[in-house]
Each structure stands twice: as C-alpha cells, then as structure tokens.
Amino acid sequence: MVCSTRWPRLCVNNAMAGELDFIARLRALARHPAARGLNDDCAVLPLGTGTGSETLILTHDAMAQGVHYLPTQDMADVAWKLVASNLSDLAAKGAQPLGVLLGYSLGGDDTRFLEGLAQVLDHYDTPLLGGDTIRVDGPLSFGLTAVGRATHLPVPSRSGARPGDAIWITGGVGAAMMGFEALQAGHDDPALTVAFRRPEALVAEGQSLAPLVTAMMDVSDGVLLDAWRMGTASGVTMAIDSAAVPLRAPEERRRDALSWGEDYQLLFTAPAGCLLPVEATRIGEVRTKGDAPLLLDGVTMRESDHLGWHHKG
C-alpha cells in the first residue's frame with residue numbers, strides 16, 4: 001500500500017485496484033445507453049423525440065467524514081462542497097442544473113449544514129427536489145444526485161478527443177491542496193482555505209464550451225489522472241507539458257498539485273485553432289494512441305496509481 005502522509009484519502013492499494021475493479025464489474029450491469037458504459041461522470045438520458053424533446057443529465061456523488069472533509073470543518077462548508085462538486089459534473093456536460101436530491105446522515109451540526117445548503121442552492125439558483133435522511137453510528141456520509149438539462153447536443157463526453165486536438169484547462173490547480181493543508185494546520189483564514197471548503201462549479205463556462213469541445217470533464221481527482229482517464233476513454237494519448245499547467249501553489253509543489261485534485265477546473269480538448277469563449281490555458285496536444293493514454297513531459301505513463309486520487313481497495 002502506498003499512502004500520502006498529507007491526506008489519508010490518497011492511499012492506493014496496489015494489490016487490489018479497489019475502485020477501478022468495482023467500476024469495471026459494474027459496467028456489466030450498466031447496459032442502458034444513457035450510462036455511457038460508465039466511462040463518464042454523468043448519465044445522458046434523452047426524453048422524447050422531435051420538437052419539445054429534452055436530454056437529461058444525471059450525476060451522483062458522495063462525501064464522507066475523514067475522507068472528503070475534516071471532522072472539524074464547518075458543516076455549512078460541507079453542504080456547499082457536496083452540491084458544488086455534483087454541479088461541476090453537470091458543468092462538464094454543458095448542462096443547466098434543474099435540481100438536486102439529498103441523502104443526509106443526521107447527527108452532525110444539522111443547522112449549519114442547512115444554512116450552507118441554502119447558500120449554495122441560492123448561489124446556483126438550483127432547487128432541492130427531495131431525498132432521504134438516515135441516522136448512523138460512526139463517521140457521517142452524505143450523497144447528492146444532481147439533475148440537469150443539456151444545452152447542446154451532442155452532449156460532451158470524455159471519449160471524443162481526437163489526434164491533433166489541443167488540450168486545455170480553464171484555470172490553475174493546487175489551490176484546494178493548499179487550502180486543505182492550511183485547515184489541517186489549524187489556520188482559519190478564509191482566503192487560504194476557500195478553494196478547498198467552497199469550490200466553484202464552472203456551470204456557465206461549461207455551457208459556453210459545450211458546442212466547441214471534442215471532449216470535456218472536470219478536474220476532481222487530479223489533472224494527470226483525469227487526463228489519463230480521458231485518453232483511455234477516447235483511445236488516444238494525451239501529451240501534456242506539466243510546466244504549462246497553471247499553478248495555484250508554490251512551484252516546488254507542482255507535481256503534488258497536478259495529482260491532488262478537487263480544483264474543479266474544466267479539462268477539455270478542442271480542434272487546433274479553435275477560438276474559445278472562456279479563458280483557458282493550452283497544456284498539451286492529443287496524439288494517436290501510443291503505449292499509454294498519458295504522455296507526461298515525454299515520459300509514458302502506463303499506470304494510473306500515482307497520478308491522482310483512487311479509493312483504496
């Protein structure tokens with residue numbers, strides 16, 4: 001087992017692929033076309049045909065105490081991050097949020113959670129549609145399902161990157177890592193910790209990019225791992241120049257920042273020469289499939305274990 005000392009959730013069990021093995025077995029059950037073979041963060045469900053038809057975008061994510069947030073954190077921030085992380089998945093599909101359903105564990109600071117929930121739902125103008133509450137012994141966990149409407153067809157996926165495309169990212173990485181480390185060290189300056197506590201889902205940016213991109217996803221598990229996943233899904237090699245990735249951390253922490261995740265920037269590919277409607281930085285190019293889905297500074301990355309965040313087996 002390889003574990004990072006800075007954050008227990010970055011442990012990877014090399015003997016058991018854990019999350020990856022489980023998802024691979026789930027794919028045998030996910031036969032509906034809307035599931036996209038579980039190669040994406042969202043389900044894409046067309047409703048109706050012809051005039052008046054819609055395409056729903058659905059996603060579900062969960063957070064657990066001690067895994068995704070510190071036990072000492074303000075529960076209002078936990079509520080914010082739970083909603084924003086799910087809406088970030090919708091953003092990567094260019095979707096307009098329609099509402100959320102909450103799975104809630106009673107027993108923490110329920111009042112502060114509700115206050116934060118009201119703030120984030122108001123911020124994104126997204127209604128609470130329903131959900132469920134339970135009471136558990138031990139660490140708390142929460143789940144959220146977000147429902148959106150496609151604003152452009154075809155809906156962007158991870159699997160559309162093509163050789164010759166440019167690889168882009170909407171902003172810097174490493175701010176969430178630095179925010180977590182500040183919280184862990186007991187610093188309560190909101191400016192130092194906001195990126196980890198209250199990330200922003202780039203909903204408007206995703207809608208603007210949806211008609212132009214060939215592939216898109218949000219950076220939740222680390223830009224290197226997410227690029228590796230995009231390359232795998234698209235059957236191409238993502239050639240990335242690590243020095244080109246914009247950084248929101250000290251330069252000596254660059255490799256950590258590229259692997260840490262939770263920055264929720266949009267990682268996307270677009271045809272060379274495409275004029276973009278949002279600010280973004282070109283960080284590489286898509287190449288014909290080589291020996292691996294990721295080429296980092298000219299070095300072939302055949303395994304994903306140390307590129308970002310996996311759940312341990």
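Just so it is clear, none of the values below were taken in a lab; they were calculated from the coordinates. All of these numbers come straight from a predicted model, not from anything done at the bench. Ideal geometry is used to build each Cβ from the backbone, glycine not excepted, and the neighbour counts take in all protein chains shown.
Under the rule that an exposed site lies in a DSSP loop and has at most 14 other Cβ atoms within 10 Å, name the longest stretch of the chain with no GluC sites (Glu not before Pro) of that kind, not counting the sites themselves.
Longest gap between qualifying sites, sites excluded: 1-278.
Among LEU266, LEU121, which comes first, second and so on when ranked by fewest other beta-carbon atoms within 10 Å? Don't skip to the answer; put the middle values down first.
Values: LEU266 25, LEU121 19.
The most exposed by this proxy come first: LEU121, LEU266.
What full-extension length gain, to one decimal in nm, is calculated for LEU47 and ALA185 as 0.36 nm per residue of separation minus the Cα-Cα distance?
Values: separation 138, 0.36 × 138 = 49.68 nm, distance 4.91 nm.
Once the chain is fully extended between LEU47 and ALA185, it gains 44.8 nm.
Residue separation times 0.36 nm, minus the C-alpha to C-alpha distance between ALA30 and ASP137: what's the value?
Stretched fully, the ALA30-ASP137 segment lengthens by 35.3 nm.
Given labels modelled 7 Å from the Cα in the Cβ direction, how far is it in nm from ARG255 to ILE23?
That separation, rounded to one decimal, is 2.4 nm.
Taking the number of other C-beta atoms within 10 Å as the exposure measure, put MET217, MET238, MET75 in order starting with the fewest. Provide the component values of the computation, followed by the final result.
On the way: MET217 26, MET238 30, MET75 21.
Placing the least packed residue first, the sequence is MET75, MET217, MET238.
Give me VAL83, VAL147 sorted ascending by neighbouring Cβ count inside 10 Å, so fewest comes first.
VAL147, VAL83
Quote to one decimal, in nm, the extra length available between ASP109 and THR72 on full extension: 0.36 nm per residue of separation minus the C-alpha distance between them. Don't skip to the end; give the middle numbers.
Values: separation 37, 0.36 × 37 = 13.32 nm, distance 1.08 nm.
Length gained, ASP109 through THR72: 12.2 nm.
When the Cα centres of segment 214-247 and segment 175-195 are compared, how far apart do they sit, in Å?
Computed from Cα coordinates, the inter-centre distance equals 25 Å.
Express in whole angstrom the spacing between the alpha-carbon centres of segment 122-168 and segment 54-81.
One Cα centre to the other: 11 Å.
With runs of 4+ DSSP H residues as the only contributors, calculate the mean residue ellipticity of the chain at 222 nm using -39,500 (n - 2.57) per run, divided by the residue total and rounded to the nearest 500. All intermediate terms of the calculation are to be shown ahead of the outcome.
Values: 8 runs with 83 residues, N = 313.
The helix contribution divided over the chain gives -8000 deg cm²/dmol.
For segment 65-71, just list the computed ³J(HN,Hα) in residue order, Karplus coefficients 6.51, -1.76 and 1.60, θ = phi - 60°, integers in Hz, with x standing in for Gly and Pro.
4, x, 10, 10, 8, 7, x
In debye, nearest 20, what is the charge dipole magnitude of segment 166-301 about its Cα centre with +1 on Lys and Arg Cβ and -1 on Asp and Glu Cβ, if you could check? Walk me through the numbers before you get to the answer.
Values: 10 positive and 18 negative charges, 70 e Å.
Using Cβ point charges on Lys, Arg, Asp and Glu, segment 166-301 gives about 340 debye.
Given a cut-off of under 8 Å on Cα pairs at least six residues apart, what relative contact order in percent is computed for the chain?
Values: 722 pairs, mean separation 70.2, N = 313.
Computed value for the chain: 22 percent relative contact order.
Quick one: of the DSSP bridges fully inside the chain, what percent are antiparallel, nearest 5?
On the way: 43 of 55 bridges.
Within the chain, antiparallel bridges account for around 80 percent of the total.
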